[in-house]
Amino acid sequence: MNTDGICALHCIDLSSPDIHASVSLLKQACLDSGFFYVVNHGISQEFMDEVFAQSKKLFDLPLEEKMKLLRNEKHRGYTPVLDEHLDAVNQINGDYKEGYYIGVEVPEDDPEAQRPFYGSNVWPTAGTLPGWRETMEKYHQEALEVTKAVSRLIALALDLDVDFFDRPEFLGRPIATLRLLHYEEKLSDPSKGIFGAGAHSDYGLITLLATDDVCGLQICKDKDANPQIWEYVSPLKGAFVVNLGDMLERWSNGIFRSTLHRVLGNGQERFSIAYFVEPSHDCLVECLPTCQSKDNPPRFPPIKCETYLLQRYKDTHVDRDSYK
């Protein structure tokens, strides 16, 4: 596997009044690599710095304290190092990262809380981390607004109505998951199957990624190439790295790319914050009318969002019972 150079990504300015130019640039990015930067997204740098500071406070807690917040069956809470195993073929162990899942908060007495990815979050006590919950809840809300803005450009790039993804079955009732990530000071070695995060594609519609200034994310534009060529994505201050998920690839009939990516540790501690956005549980992901024709029939069978997500989480996470 070759690791060569830096990948040049397109940069989308969400404040630009030239929607046509933004849509054209985004479409090219989706066709080329499925990754792009988003700037002027409306979340202040001051607040992003606070979110990262609060994330570090959580991961600085003793392991015994973090294990009290272990992820539940709804995938909320703490995930220890090696809990996730994203690349079963090339990894000898799981990912050398720890994480923390925060989903859409749904009260336990709400019937929707019975759904697999809805329910109450697992929160550190206010005495342990004052203001932590409030910071993360605010960020969860603000990040969703950014993803909705990006989804409108994606809709236009797919020749759909601008508000196509705003419908209740899509982002009106999304499965939106904030995940804090901390990579330990470990050196990755692909030749020995050691990775910060193994090679994978994301599951849903789109992912927003905020990173610190430590390089580590790599993408492979052509997963079928032999050898695979891996390129680094440079951190860009004040920008989100946005990538497309598998569901959008299915929706677009493979026109838009859900690209393979991974994280290599370089011996430095690294923090990042991913925000994964999927449509509602019952959304049927099937080829869009604008992405099929007589000569280009649907390549993927329809599948319900909930069904797809449950299988992907099961395939990539350690059984919770193993921690007992």
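Legend: Rg and Dmax of the range 24-63, from Cα coordinates, 16.2, 48 Å.
Projected label points at Glu145 and Thr307, each 7 Å from Cα along the beta carbon direction, are separated by 3.7 nanometres.
Within the chain, the whole DSSP H helices whose Cα atoms reach 15 Å or more along their own axis and whose mean Kyte-Doolittle score is at least 0.0 are 19-32. Based on the reciprocal of the average 1/r between different C-alpha atoms, the Kirkwood radius for the range 1-93 equals 17.6 Å.
Loop-only trypsin sites (Lys or Arg not before Pro) in the range 157-262, please: DSSP not H, G, I, E or B, and at most 16 other Cβ atoms within 10 Å. It would help to have the intermediate numbers written out before the result.
On the way: sites: Arg179, Lys186, Lys192, Lys221, Lys223, Lys237, Arg250, Arg257, Arg262; in loops: Lys186, Lys221, Lys223, Lys237, Arg257.
Those satisfying the criteria are Lys223, Lys237.
In percent, what relative contact order does the chain have, based on Cα pairs under 8 Å that are 6 or more apart in sequence?
Values: 677 pairs, mean separation 72.7, N = 324.
About 22 percent, as a whole number.
Out of the trypsin sites (Lys or Arg not before Pro) in the range 41-109, which ones are loop residues according to DSSP with at most 16 other C-beta atoms within 10 Å? Answer in residue order: Lys68. Each 20 Å bin from zero up to the one holding the largest Cα-Cα distance in the chain carries the following percent of pairs: 32, 61, 6, 0. Based on the Kirkwood approach, the hydrodynamic radius assigned to the range 42-192 is 17.5 Å, with every pair of different Cα atoms included.
Before anything else, pin down the relative contact order of the range 192-239: Cα pairs under 8 Å, at least 6 apart, normalised by residue count, whole percent. Could you put the intermediate results ahead of the total?
On the way: 32 pairs, mean separation 15.4, N = 48.
32 percent.
Computed with a 1.4 Å probe over protein heavy atoms only, the accessible area of His20 comes to about 150 Å².
With an 8 Å cut-off on Cα pairs and a minimum separation of 6 or more residues, tell me the relative contact order of the range 221-298 in percent. Mind showing how you got there, number by number?
Details: 46 pairs, mean separation 23.7, N = 78.
Across the range 221-298, relative contact order equals 30 percent.
When the residues Val89, Val214, Val162 are ordered by accessible surface, computed with a 1.4 Å probe over the protein chains alone, the sequence from largest down reads Val89, Val162, Val214. Within the assembled protein chains, the solvent-accessible surface assigned to Ser234 is about 40 Å², based on a 1.4 Å probe.
Full extension of the chain between Asp109 and Gln28 yields a length gain of 24.6 nm, computed as 0.36 nm times the residue separation minus the alpha carbon distance.
Computed over the range 272-312, the convex hull of the alpha-carbon atoms projects to a mean area of 4.3 nm². The distance linking the range 41-114 with the range 268-324 is 18 Å (Cα centroid to Cα centroid, whole angstrom).
Cross-link pairs exceeding 30 Å in C-alpha to C-alpha distance, out of Lys97/Lys148; Lys57/Lys186; Lys221/Lys304; Lys138/Lys223; Lys27/Lys186, comprise Lys138/Lys223; Lys27/Lys186. Full extension of the chain between Glu64 and Phe300 gives 80.5 nm of extra length, using 0.36 nm per residue less the Cα-Cα distance.
Helix content alone sets the calculated 222 nm mean residue ellipticity of the chain: runs of n ≥ 4 DSSP H residues at -39500 (n - 2.57) each, divided across all residues, give -7500 deg cm²/dmol.
The values are calculated or read from the model by the stated rules, or taken from the named source; none is laboratory data. All values reported here derive from a predicted model rather than from experimental measurement. Cβ coordinates were reconstructed from backbone atoms using ideal geometry, including for glycine residues, and neighbour counts include every protein chain displayed. Side chains included, ligands, DNA and RNA excluded: accessible areas come from the protein's heavy atoms. Shrake-Rupley method; radii C 1.70, N 1.55, O 1.52, S 1.80 Å.
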